Amino acid sequence: MADNVTSLFRSTAAHSPSMAALTRESDGAGPVDFCIPCNPYFPTPAMFEEMAARLRDIITYYPSSADTITAELCGLLQLPPQCVAMGNGSTELITWIDHLLVRESLAVPVPTFGRWTDQPMETGKRVDMFPLQESGGFALDLAQYAEFIRARGTRVAVICNPNNPDGGFLHKHAVVQFMDAMADLDLVVVDESFLEFADAENEPSVVQEAMLRPNVIVLRSLGKNFGLHGIRFGYLVANPALAGRVRSMLPKWNLNSFAEHVVFMLKEHGAEYAQSLHQVRRDRMDMSGQLSALPGLTVYPSQGNFLFVRLPVGAEGTVVRDRMLTEHRILVRECGNKIGSSSRFLRLVVRPQVDVRRLVTGLEQVLYGTARRGAAVPGPATGTGYSSGTAAVDRLVSQTNGAGVPMPPPASAGVPAGAPAVPQQPVPQPLPQPLPQPLAPAAATVPAAPVAPAAPMGPMGPVAAMPVPMPAAAAVVPPVAAPVAAPVPGVAPAPLPQPTWPTPPGVPARGGLTAAQVRGTDGLSAAPAPGRPGPQGWPYAAGMGRAG
């Protein structure tokens, strides 16, 4: 494998070669997988034995219709079937959401799951990317995100909770407030693909709230939670009109016989599933502690079944990835091709402790040249808090300070103590504009003035809306020349600040980056082609297990 590892990664359209490809290159034995975020404790060995015994029938005969399989899943999760659409993996559902419901523009924080940026770009939509700052631990500030959406005029908003790759988590009450503040958008998508692994609160899912709102879709995964990526199944929850629109476009047999067999097995294995989630959460805490002890390695807080880590200064992710695979037979996810990240970051899947010890030993040898803890490494960097791995993005951020306008030179440059200061030119403030009215009767109103965070809403009660900043005005105000200080004999005059213009068309506000800026195009042409245990221990409300 050592001779072919680089070509394996370069020849795939995905971020990493498939396990099947890696197994073929290594004489039938694949590596330890810290790349694909999969539940390692489910299905149980007994469940795999049962599927193996039924293998001939499963692969010989057609499955039942998607309606039959969906009805069985909804019975387990206590969801109305008319509010659910099942797909052949979340990617199929994202594709149909884009084709049917995204008309012109979509906003998404980055880094995040790549299909939320790539899919709408492939169909010629404008993608407004809101960069999560490394200096802030990649946390998403929903108020700033709402302000960005208003300033850009974006029509669809996406949130991933927990976010992939960093595992950042948003509390339920904040997500519900954001949903109601965005009630006038065409669509709000809350991707909860990894929420089963969260333990920050007992009932974090917003599926019940989504069914009551006219423009909200919640996306859920089954393959990740059940440890069965190869089966390719997931589902979305929305009001009947939205769910029905997506469901009507799906092929009659878009779900395979393996998916049907697993869904009909689940009612007998709810207790084992809940225990598997509990074990993953414990492993996440243990794995985070072991990795945090490595010198120079930064581990970000996560509520997913993976950890986002920053390598020590001087370590390059592709080199670490290749050496871990060839020297230690460990597959890791290097994040240099993920918009909003760079090759200095890895995403490491939570695995059992025996595998984590092997991972830590391999990282020690690759990063420090020794298996001994405490080897000397360079100290942390002190530069910009944002690194995207994409040259165009880094250049825009460094040149505009993330605000879409040129950065003025430092005010103290060339000015000795006591010299008169040069006044800074104020940025013209846009006039506030009234918010558009909601498309349908909204569950809450949008206040014009900031309000304190409200308590979570019950399924049928009102929700206090979060404050939403007013959209930016479209008028362009010319710059005003700054006054010039009188010259001082023998002292070089301080450089004048550059004139400050309002954010021009095509440049996002407050640090946002459009898909066109990332890809180097003009942005006009299309790019190339709630949860309490139920019967048999099964969790209710979209399969959400209780924290433990």
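The values are calculated or read from the model by the stated rules, or taken from the named source; none is laboratory data. All values derive from a computational prediction rather than experimental measurement. Please note: Cβ atoms are built from the backbone with ideal geometry, for glycine as well, and neighbour counts cover all protein chains shown. Accessible surface areas use protein heavy atoms only, side chains included; no ligands, DNA or RNA. Shrake-Rupley method; radii C 1.70, N 1.55, O 1.52, S 1.80 Å.
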Filter result for V366 (modelled with pLDDT of 95 or more, touching a helix residue (DSSP H, G or I) at 6+ places or on another chain (Cβ under 6 Å), open to solvent by less than 40 Å² (accessible area, probe 1.4 Å) and within 23 Å of K224 (Cβ to Cβ)): no
So, I149, is that one part of a strand (DSSP E or B) and aliphatic (A, V, I, L, M) or not? no
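Looking only at region 119-149, filter to residues that are of a type in the set (S, T, Y) and farther than 26 Å from E92 by Cα; which one of those is most open to solvent (accessible area, probe 1.4 Å)?
Checking each candidate, the answer is S135.
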Taking region 64-74 as the region of interest, how many residues are outside any helix (DSSP H, G or I) and over 18 Å from L93 (Cβ atoms)? 1
For region 223-272, give me every one of the helices (runs of 4 or more DSSP H) that falls completely inside it and has 2 or more residues that are more than 27 Å from the chain's Cα centre (by Cα). 257-265
Return a yes/no flag: does region 289-311 have any residue that is in a helix (DSSP H, G or I), among the aliphatic types (A, V, I, L, M) and modelled with pLDDT of 95 or more. yes
Please enumerate the residues belonging to region 77-92 that are touching a helix residue (DSSP H, G or I) at 6+ places or on another chain (Cβ under 7 Å), assigned to a helix (DSSP H, G or I) and open to solvent by less than 20 Å² (accessible area, probe 1.4 Å). C83
When G153 is run through (1) surrounded by fewer than 20 Cβ atoms within 10 Å (Cβ to Cβ); (2) under 16 Å from the mean Cα position of the chain (by Cα), the failure sits at (2)
Which of (1) in a loop (DSSP other than H, G, I, E, B); (2) open to solvent by 10 Å² or more (accessible area, probe 1.4 Å); (3) not aliphatic (A, V, I, L, M) does T112 not meet, given it meets every other one? (2)
Determine whether region 160-180 contains at least one residue that is part of a helix (DSSP H, G or I), closer than 23 Å to C335 by Cβ and out of contact with any helix residue (DSSP H, G or I) (no Cβ under 8 Å at 6 or more places or on another chain). no
Every residue in region 124-146 that is in a helix (DSSP H, G or I) and closer than 14 Å to G340 by Cβ, please. E134, S135, G136, Y145
Every pair of residues 6+ apart whose Cβ atoms lie under 8 Å, when the first sits in region 163-188 and is more than 19 Å from R115 (Cβ to Cβ) and among the aromatic types (F, W, Y) while the second is at pLDDT below 95 and open to solvent by 10 Å² or more (accessible area, probe 1.4 Å): F178/M466
Would a scan of region 264-275 turn up a residue that is surrounded by fewer than 22 Cβ atoms within 10 Å (Cβ to Cβ), aromatic (F, W, Y) and farther than 20 Å from N163 by Cα? yes
